[in-house]
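Notes follow once the structure below has been shown.
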Amino acid sequence: MSSDQLLAFEVDCHLFKGCGFEAPSVWSFIFDPIFTIGPVEFNKPMLLAILGTVLIMSFFWVAFSKPKVVPGKLQMVAEVLYDFVRKGIAREVIGKKGEPFVPLLVSLFFFVWMLNLWALIPLAQFPVSSVIAYPIGLALVVWVTYMTVTFRSNGFVGGMRNLCVPGGLPKPIYVLLTPLEFVSNVFVRPFTLAVRLFANMFAGHILILIFTIATWYMLGTLLGTVYATASFALTLVITVFEMFIQALQAYVFTVLTATYLSQALEEAH
């Protein structure tokens, strides 16, 4: 049953009317295709991802297309946001060597944030990053960049040492530590990068759905309305908390990317 079908089912379903509460589950993340091109189905998350990209590009294009020495309001906001990533993440984590990676980090931060923000925007109301394919795609971009920078900066041998051989430890430990470091840096890092973003957005969306549906489900009687009011209050609290989590996850994703790039630029020990 798709989310649209279940929504239609829930309209007349209330507490004390003999129908059970249908808790949100996988159906909440399945959407009927808007249109189909060959084997490709274009659905709501894909549309939101494209719209998010267009909005971000349009915002920075308008803000910086005609820069002024004394910036206007839009340019000032864009500069503050850009400097937040450039100085607060790239410079703090990587240092001066991080300057070439600022465009990547800025793009990642605002794209991830935008994917998350769709959950709170009317009519959209869905965090695109709660679909695992999108965090995996972003993690693969980070992984390819990380591997490329590692071997380009250190060569093949130096790159392998960078990935597998941490410095300053007794030599016998490397027998055990080297394979663990290799698995951790090459496989575990991109996996956890994707899953962390996905899991947080998935869980947040499920919680908001549970209390939103429960609010409607418990209406219909005086006692039910009391329950519904409490459920609605919790929905508001969780939504405000989710706003913080959305920005935090974009920040964490970008900081971890910068951390990996910083390690890639280090000379092998």
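The values are calculated or read from the model by the stated rules, or taken from the named source; none is laboratory data. For clarity, every value in this text was computed on a predicted model and none was experimentally measured. Methodologically, a virtual Cβ is constructed for each residue, glycine included, from the backbone with ideal geometry; neighbour enumeration extends over all protein chains shown. Ligands, DNA and RNA are excluded from the accessible area calculation, which covers all protein heavy atoms including side chains. Shrake-Rupley method; radii C 1.70, N 1.55, O 1.52, S 1.80 Å.
From helices alone, the chain scores -23000 deg cm²/dmol at 222 nm; the rule is -39500 (n - 2.57) for each run of n ≥ 4 DSSP H residues, then divide by the residue total. Ligands, DNA and RNA left out, the 1.4 Å accessible surface of segment 180-219 is 83% carbon and sulfur atoms.
Return the whole-Å distance between the Cα centroid of segment 175-189 and the Cα centroid of segment 21-77. Here the answer is 36 Å between Cα centres.
Taken one residue at a time, the phi angles of segment 244-252 give Karplus couplings (6.51, -1.76, 1.60, θ = phi - 60°) of 5, 5, 4, 5, 5, 5, 5, 5, 4 Hz. Gly and Pro are set to x.
The computed P(r) over Cα pairs in 5 Å bins from 0, in percent for the structure shown corresponds, within [x] 1, 6, 14, 19, 20, 17, 12, 7, 3, 1, 0; [y] 1, 5, 10, 12, 14, 13, 11, 10, 8, 6, 4, 3, 1, 1, 0; [z] 1, 6, 12, 15, 17, 16, 14, 10, 6, 2, 1, 0, to [y].
Taking the chain as a Gaussian network of alpha-carbon nodes connected by springs under 10 Å, the highest mean-square fluctuation of the residues Ala49, Ala247, Ala78 belongs to Ala78. Classified by the C-alpha gyration tensor, segment 44-178 has an oblate form. Its axis ratio a/c, with a ≥ b ≥ c, is 1.5 or above, and a/b does not exceed b/c. What range in the chain is the longest one free of trypsin sites (Lys or Arg not before Pro) that are in a loop by DSSP and have at most 16 other Cβ atoms within 10 angstrom? Segment 69-269 is the longest.
The largest accessible area among Phe64, Phe191 belongs to the first residue in Phe191, Phe64, and the rest follow in falling order (1.4 Å probe, all chains).
Accessible surface area normalised per residue over segment 170-269 is 54 Å², counting heavy atoms of protein chains with a 1.4 Å rolling probe.
As I understand it, the value is the acute angle between the Cα axis of helix 44-64 and the longest principal axis of the Cα atoms of the chain; what does it come to in degrees, rounded to 10? On a 0 to 90 degree scale, this one is about 60. Rounded to the nearest 20, the Cβ-based charge dipole of segment 123-269 about its Cα centre (Lys and Arg +1, Asp and Glu -1) stands at 200 debye. Taking only protein heavy atoms and a 1.4 Å probe, the accessible area of segment 96-139 is 76% carbon and sulfur.
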